[in-house]
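The values are calculated or read from the model by the stated rules, or taken from the named source; none is laboratory data. None of these values were measured; they are calculated from a predicted model. Methodologically, a virtual Cβ is constructed for each residue, glycine included, from the backbone with ideal geometry; neighbour enumeration extends over all protein chains shown. SASA here: full protein model, heavy atoms, side chains in, ligands and nucleic acids out. Shrake-Rupley method; radii C 1.70, N 1.55, O 1.52, S 1.80 Å.
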Amino acid sequence: MNTIYKADSLCVPSTQDIHLSLGAYGRLTHQQAIQLALDYPPREPLLGQLSTKRLQICPQNLGQFTPELALQLKEELPHIEFRCHANVHIEAQHKIVDIADWPQEQAWFKQMAYLSHLLNAPVYTAHAGKRGQYSVAEVLQFTQAIEELFGIPVGIEGHYPTPNGKQHWLISTWAEYQQLLESKVHYALDLSHLNILAVQTNRVEWSLVHELLSSPYCLEIHLSDNHGYADQHLPLSNPHALPWWWSLLSSANPQATLFSEGKQRVPVALI
């Protein structure tokens with residue numbers, strides 16, 4: 001499988017801004033990550049300057065994300081659009097909550113909906129979750145139920161195969177991504193996850209990836225790099241080995257928001 005190609009130009013094949021996911025500053029508090037992004041405008045070698053007009057609140061950052069903090073951010077930074085992603089630490093005891101946990105975690109999702117309302121967030125996205133108790137069809141239905149609760153578009157994010165060959169995660173095969181596309185449920189598309197799927201299966205479903213990117217149901221597109229075996233959140237930095245999906249970005253839904261999830265450098269004093 002030819003998973004990479006060389007190009008003469010490093011221009012990102014998309015006219016859309018690429019925004020920063022605050023998970024790029026892992027192990028910092030939410031406040032530290034935001035301040036660092038604003039004080040030192042983030043860049044990636046292949047993506048160039050990243051936009052901080054939209055910032056994604058992520059579970060990689062430390063500390064509880066409270067209603068008080070949400071209100072503070074909106075008051076102090078009214079020009080920035082904030083949105084939450086996945087299992088942000090919103091309770092005193094941090095726990096992982098995915099779309100597949102909806103039947104048992106409705107109180108948690110209600111709290112997340114409240115925080116999204118305080119932020120005036122336009123969307124919310126979360127991972128599909130572990131395979132086992134529920135089917136892909138059921139978690140797609142859960143996504144619609146969560147969307148109804150939030151009152152804003154809610155997107156489900158697919159996964160990738162695990163190295164042992166087992167399908168540990170829901171939506172981790174090409175067939176299940178096709179099922180996602182046909183469901184007309186909103187979703188976030190993580191291209192680094194698709195890279196793992198491509199490497200593990202030794203093929204790329206080009207037409208499917210193009211349709212997933214261009215669909216009006218695609219809310220977010222997440223960008224980072226990996227070696228095809230784990231979700232490493234590496235920055236896109238090699239001009240001689242652009243990711244195989246690079247040229248397909250030109251077909252991205254113009255209403256979708258692009259986020260870089262590549263790790264940003266953190267000053268030693270803040271680690």
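Things worth noting here:
- Verdict on Gln104 being in contact with a Pro (Cβ under 9 Å, 6 or more places away or on another chain), surrounded by fewer than 20 Cβ atoms within 10 Å (Cβ to Cβ) and in a loop (DSSP other than H, G, I, E, B): no
- Test result for Ile99, aliphatic (A, V, I, L, M) and either without any contact (Cβ under 8 Å) to a residue 12 or more places away in the chain or over 27 Å from Pro235 (Cβ atoms) (or both): yes
- Pairing each residue of the range 136-149 that is open to solvent by 60 Å² or more (accessible area, probe 1.4 Å) with any residue that is aromatic (Phe, Trp, Tyr), provided the two are 6+ apart or on different chains, yields C-beta distances under 7 Å for Leu149/Phe109.
- When Leu219, Leu270, Leu212 are checked against the criterion of being touching a helix residue (DSSP H, G or I) at 6+ places or on another chain (Cβ under 9 Å), of a type in the set (A, V, I, L, M, F, W, C) and modelled with pLDDT of 95 or more, a single residue qualifies: Leu212.
- Close pairs (7 angstrom Cβ cut-off, 6 or more residues apart or separate chains): open to solvent by 20 Å² or more (accessible area, probe 1.4 Å) in the range 66-87, in a strand (DSSP E or B) anywhere: Glu81/Lys53; Glu81/Arg54
- Each residue in the range 85-97 was checked for being under 17 Å from Arg27 (Cα atoms) and within 19 Å of the chain's Cα centre (by Cα), and 8 pass.
- Residue identified as in a helix (DSSP H, G or I) and over 17 Å from Leu55 (Cα atoms) among Ala92, Ala113: Ala113
- Some residue of the range 61-71 being of a type in the set (Asp, Glu) and within 21 Å of the chain's Cα centre (by Cα): no
- Residues considered: Asn226, Asn253. Of these, the only one that is more than 24 Å from Ala37 (Cβ to Cβ) and in contact with a strand residue (DSSP E or B) (Cβ under 8 Å, 6 or more places away or on another chain) is Asn253.
- Residue check, Gln16 of a type in the set (S, T, N, Q), within 22 Å of Leu69 (Cβ to Cβ) and either within 17 Å of the chain's Cα centre (by Cα) or not in a loop (DSSP other than H, G, I, E, B) (or both): no
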